[in-house]
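Below: one structure, written as structure tokens.
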Amino acid sequence: MSNGETAYYLYCLTPGGRDIRVSAIGVDGRRPVWVHACGEIAAALSEVDVAEFCGESAEARLRDLAWLGPLVGRHEAVIEELMSRAPVLPARLATLFTSVDSLQQSVLAHREAVAGFFAQLGDQQEWAVQGLLDRAGALRGLVASVQAAEATAATSPGARYFEEKRIQTRCERDLNLRLKEYCRRAAAVLGTESGGFRERRVPGAGAAGSDAEVVLNWAFLVSPAALMDFRRRLDQFNGADGFPGLTLTVTGPWPPYSFAPDLSAGGKP
């Protein structure tokens, strides 16, 4: 590809045999999106200028949030519109092909992986669960309970100081161990109401938008029929079965990025 040329931007794949029209505009904010049949699979795509995505100036633009933000929004708008009508296999941002023929050849080369993905997906959708921990509060509560259970006769300030440090260190270790086991159990219980589970990268500090620490970031495939029970299970972990200082939040449905096969790596999930 070179400057001045047109490329074909892929948004997502969907099972073929459906008459689907897309009203959302393409990522360039100008060109329309259409659905192209590739055998039994269909691809949502639009034309874009190669120069927008390739070359040194394009690399700078892709680091510019003022330019990238609207592009991401238009990319997701196309996928979400299609997702409201049919299962989708979302493509990563800025997936380009030199021609419609090259796109079709790529889709057909991975048709077994794509068909397997849609068979697994069925009518399920991706739901995200994050765990937000007030670590300082949880640690204070654990330390207080241990101090109450292990009251000592130490009276000198020095002795009390070293005893408090010992308890603090032990509680920090115990908190991490208890949290790990709790998360394992919560994932297993929520998994009984889902058709798939993935552990995702935990965002960095401050990503939660509060002082709470993100300690887990999960994705589940949940069918509409199972969603009520899934939410009920989640509510139990925020109530009677809760972990001190931990709140589980659920958002969705999202395009199933967490479960999509990597077609650039031979089509393996």
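Between beta-carbons, use under 11 Å as the cut-off and find the net charge around Glu213, counting Lys and Arg +1, Asp and Glu -1.
-1
Per-residue counts of other Cβ atoms within 10 Å, averaged by peptide: what ranking do you get for 125-138, 231-244, highest first?
125-138, 231-244
Arrange the peptides 67-76, 247-256 so that the one whose residues have, on average, the most other Cβ atoms within 10 Å appears first.
By packing density, highest mean first, the sequence is 247-256, 67-76.
Which order, highest average first, do 41-53, 12-24 follow once you tally other Cβ atoms within 10 Å for each residue and take the mean per peptide?
Top to bottom by mean Cβ count within 10 Å: 41-53, 12-24.
Quick one: what are the phi-derived ³J(HN,Hα) couplings along segment 105-118, Karplus 6.51/-1.76/1.60 with θ = phi - 60°, whole Hz, x for glycine and proline?
4, 5, 4, 5, 5, 10, 4, 5, 5, 5, 5, x, 5, 5
How much FRET efficiency would the formula 1/(1 + (r/R0)^6) give for Glu40 and Thr98, where r is the Cβ-Cβ distance and R0 is 35 Å, rounded to 0.05?
Calculated value: 0.90.
Check which residues have an amide H placed less than 5 Å from Ile41's amide H, if you skip close sequence neighbours.
HN-HN under 5 Å from Ile41: Gly16.
Work through the residues other than Ile20 whose Cβ is under 15 Å from its Cβ and net out their charges, Lys, Arg +1 and Asp, Glu -1.
-1
Please compute the contact order of segment 1-106 in relative form: average sequence separation of alpha-carbon pairs under 8 Å and at least six residues apart, divided by the residue count, as a percent.
39
What residues qualify as long-range amide H neighbours of Gly196, i.e. H under 5 Å apart, gap of 5 or more or another chain, H built at 1.01 Å from N?
Amide H neighbours of Gly196, under 5 Å, 5+ apart: Leu221.
Given axes a ≥ b ≥ c from the Cα gyration tensor, I'd like to know whether segment 1-134 is rounded (a/c under 1.5), prolate (a/b larger than b/c) or oblate.
oblate
Each value in this text was obtained by applying a stated rule to the coordinates, not by laboratory testing. On a predicted model such as this, the values are computed, not experimentally measured, just so you know. Every residue, glycine as well, gets a Cβ built from its backbone with ideal geometry; the counts of neighbours run over all protein chains shown.
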